[in-house]
Amino acid sequence: MPPASSSVRDVHVVIMGCGRVGSTLARSLEDRNHTVSIIDTEADAFRRLGPQFNGMKITGVGFDRKVLGKAGIERADAFAAVSSGDNSNIIAARVARETFGIQSVVARIYDPGRAEVYQRLGITTVATVKWTADQVLRRLLPAGAEPDYRDPSGTIRLDQLPINDLWVGERTVQFQEQSGSRIAWIDRLGEGTLPTRETVLQEGDVIHLVMREENANHVYDVYKRGPEEE
């Protein structure tokens, strides 16, 4: 798989649970040059990581503060609780968020009803019915680190971004011309909208951008700095 855009800084991620999802997630993060610490109550679980894994492997309970400290939680940018137990995942996620102030927290929850409750508390939850390691990566890493889609050749990518306030009130065609990307569609007020040359970007819009992989850095630079005067 082609590497992520070089404009995205490396992050440190702590993972609780070294099952199939946790081990896949850990290897995927390392492949993208991020640092990883993974926690599991069973030392044998780390065999799933393979001999090439270079991150920290900590045997213990993932919501224990001392265990989290060994995993580098205080310098972590993100935390994923993907063990097989809802209760353990929720407790660990809340400790990571409320005690250590980690903003990017994802918890694997089997019970959809409970998942909705914790979503409202600011903890992103992913149900097993739609679980993939790629979905988790997109929630853990900074914007631009991992696209929603990349074509098999690695040439074209599709990214989803909330509109930058600097672009509110500007026409979509202006953004496309300055960035060299294409807005495939816009999520607006709960509906998908196909932009025209006259479409104006509004507060709350979520834009879906198609771009060449090699042009991603430029697209994100334009997105962040706002429009240039014509």
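Condition first: farther than 14 Å from LEU140 by Cβ, buried (at least 18 other Cβ atoms within 10 Å of the Cβ) and at pLDDT 95 or above. Can you find one or more residues in the stretch 28-42 that meet it? Yes, the stretch 28-42 has at least one match.
The residue of the stretch 197-230 that is nearest to ARG171 (Cα to Cα), among those that are among the polar types (S, T, N, Q) and modelled with pLDDT of 95 or more, is THR199.
Please work out if ARG108 is surrounded by 24 or more Cβ atoms within 10 Å (Cβ to Cβ), among the charged types (D, E, K, R) and either over 16 Å from GLY17 (Cα atoms) or in contact (Cβ under 8 Å) with a residue 40 or more places away in the chain (or both). Here the answer is yes, as ARG108 does meet what is asked. Say whether the condition of being assigned to a helix (DSSP H, G or I), touching a Ser or Thr at 6+ places or on another chain (Cβ under 6 Å) and of a type in the set (A, V, I, L, M) is met by at least one residue in the stretch 19-30. No, every residue in the stretch 19-30 fails to be assigned to a helix (DSSP H, G or I), touching a Ser or Thr at 6+ places or on another chain (Cβ under 6 Å) and of a type in the set (A, V, I, L, M). Once the stretch 95-121 is narrowed to residues that are part of a loop (DSSP other than H, G, I, E, B) and under 22 Å from GLY72 (Cα atoms), the residue that is modelled with the highest pLDDT is PHE100.
For every residue, the table says whether it meets (1) closer than 26 Å to ARG32 by Cα; (2) assigned to a strand (DSSP E or B); (3) in contact (Cβ under 8 Å) with a residue 24 or more places away in the chain; (4) in the same structural domain as VAL136 (by TED's automatic domain parsing).
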{"site": "GLY154", "(1), (2), (3), (4)": "yes, no, yes, no"}
{"site": "ASP159", "(1), (2), (3), (4)": "yes, yes, yes, no"}
{"site": "GLN174", "(1), (2), (3), (4)": "no, no, yes, no"}
{"site": "GLU177", "(1), (2), (3), (4)": "no, no, no, no"}
{"site": "ILE186", "(1), (2), (3), (4)": "no, yes, no, no"}
{"site": "GLN202", "(1), (2), (3), (4)": "no, no, yes, no"}
{"site": "HIS208", "(1), (2), (3), (4)": "yes, yes, yes, no"}
{"site": "MET211", "(1), (2), (3), (4)": "yes, yes, yes, no"}
{"site": "ASN215", "(1), (2), (3), (4)": "yes, no, yes, no"}
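The values are calculated or read from the model by the stated rules, or taken from the named source; none is laboratory data. Here the structure is a predicted model, which is why all the values come from computation and not from measurement. Reconstructed Cβ throughout: ideal geometry from the backbone, glycine too, with neighbour counts over all protein chains shown.
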